Amino acid sequence: QVQLVESGGGLVQAGGSLRLSCAASGRTASRYAMGWFRQAPGKEREFVAAIVWTRGSTYYADSVKDRFTISRDNAKNTLYLQMNSLKPEDTAVYYCATTLIAGVTVPGNYAYWGQGTQVTVSS
């Protein structure tokens with residue numbers, strides 16, 4: 001089992017920044033990648049960013065490229081998402097997740113999910 005706990009969400013004005021964290025515990029040694037997804041009301045969960053844990057390769061949705069940065073701290077077993085230049089359309093519940101397989105942009109490939117943290121961007 002893997003436990004994931006997100007933190008760092010909140011309310012911010014458009015143009016502002018937030019940093020999300022996701023603390024992982026349990027059987028994480030075999031993970032291939034970790035990712036961030038988001039879900040706005042009435043919409044499907046969508047891919048935001050992912051990082052291959054050992055190589056550090058990163059992947060981003062076009063909508064967040066050049067504004068968001070995903071990173072990890074191996075020693076703390078923690079995933080981060082630095083979000084800059086936030087827009088009202090970034091408002092959503094943000095989830096971190098971990099996968100054992102490739103195909104890091106596909107939600108169905110992720111086995112474990114956190115409880116989510118709300119990000120609200122006001123205009």
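The values are calculated or read from the model by the stated rules, or taken from the named source; none is laboratory data. Computed from a predicted structure; not experimentally measured. Please note: Cβ atoms are built from the backbone with ideal geometry, for glycine as well, and neighbour counts cover all protein chains shown. Remember, those area values only see protein heavy atoms, side chains included, never the ligands or the DNA or RNA. Shrake-Rupley method; radii C 1.70, N 1.55, O 1.52, S 1.80 Å.
Label point of GLN115 set 7 angstrom out along Cα-Cβ; within the range 1-35, amide nitrogens under 16 Å from it belong to 2-10, 21-25. Annotation for THR69 and LEU100: the two label points, set 7 Å from Cα along the Cα-Cβ direction, are 3.3 nm apart.
Can you bin the range 62-109 into rounded, prolate or oblate? Criterion: square roots of the alpha carbon gyration tensor eigenvalues sorted a ≥ b ≥ c, rounded for a/c under 1.5, prolate for a/b above b/c, oblate for the rest. Walk me through the numbers on the way to the answer.
On the way: a/c = 2.04, a/b = 1.33, b/c = 1.54.
Here the range 62-109 falls in the oblate category.
Could you list the GluC sites (Glu not before Pro) in the range 25-123 that lie in coil according to DSSP, counting only those with at most 11 other Cβ atoms within 10 Å of their Cβ? Write down the numbers at each step before the final one.
Values: sites: GLU44, GLU46, GLU89; in loops: GLU44.
The qualifying sites are GLU44.
Measuring nothing but how far apart in sequence close Cα pairs (under 8 Å, 6+ apart) lie, relative to its length, the range 8-71 scores a relative contact order of 20 percent. Accessible surface of the chain, 1.4 Å probe: 49 percent of it comes from carbon and sulfur atoms. Summing charges over neighbours of ASN74, with a neighbour being any other residue whose Cβ is under 14 Å away from its Cβ, gives +3 when K and R count +1 and D and E count -1. Once the 1.4 Å probe is applied to the protein heavy atoms, the chain comes out at 50 Å² accessible per residue. Annotation: lysines with alpha-carbon distance below 16 angstrom to LYS87 (same-chain offsets under eight excluded): LYS65. A Cβ-based charge dipole, computed about the Cα centre of the chain with Lys and Arg at +1 and Asp and Glu at -1, lands at about 280 debye.
What FRET efficiency would be calculated for the residue pair ALA14, LYS76, taking the C-beta separation as r and a Förster radius of 25 Å, to the nearest 0.05?
Working: r = 31 Å, r/R0 = 1.22.
Computed FRET efficiency for ALA14 and LYS76: 0.25.
Per residue, the average separation of C-alpha pairs within less than 8 Å and at least 6 apart gives the chain a relative contact order of 36 percent. Taking every protein chain into account, the 1.4 Å probe leaves LYS65 with about 90 Å² of accessible area, to the nearest ten.
Taking a virtual spin label 7 Å from the Cα of ALA61 along the C-beta vector, which residues in the range 69-98 bring their backbone nitrogen under 20 Å of it? Within reach of a label on ALA61: 69-72, 79-98.
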